[in-house]
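Beneath this line is the structure, given in structure tokens, with notes to follow.
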Amino acid sequence: MSKTAKIATFKNESDGVDAIRDDLEALRSDFTKLLRTLREHGREDIVALASDASDVIAEKKESVSSWASGTSDKLREVVREEPLQACAIALGIGTVLGALVTRR
């Protein structure tokens, strides 16, 4: 895999993360609306809405699971092809996170 292809893969994965983040935000918004609606409607409507919410949750869970499994496979491949680069990146990320955590 060329370096350009790897960079494109990481950009696509970043887009995937952004898309999942947007989906989760939409899901949160949907649940907020659902709670408002639950307060306004009777028990019969609550059962139907809960079923719909369960379906949405299952759909989002499947979406996140499939994205995560595909991403982890790509990441393993990149680490196997460029182990030193992967170690350097991990070291850099660890250094930045360590600096942020210990910063007062």
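Only the coordinates and a few stated rules stand behind these numbers; no lab work does. Just so you know, these numbers come straight off a predicted model, no measurement behind them. In this analysis, Cβ positions are derived from the backbone assuming ideal geometry, glycine residues included, and neighbour counts consider all displayed protein chains.
Can you tell me how much longer the chain between Arg36 and Ser72 gets when fully stretched, taken as 0.36 nm per residue apart minus their C-alpha distance, in nm with one decimal?
9.2 nm
Quick one: Thr102, Thr37, fewest Cβ neighbours within 10 Å first, how do they rank?
Listing Thr102, Thr37 from fewest to most nearby Cβ atoms yields Thr102, Thr37.
Any idea how far apart Ala88 and Ala19 come out in nm if each label point goes 7 Å out from Cα toward Cβ?
Between Ala88 and Ala19, the label points sit 3.1 nm apart.
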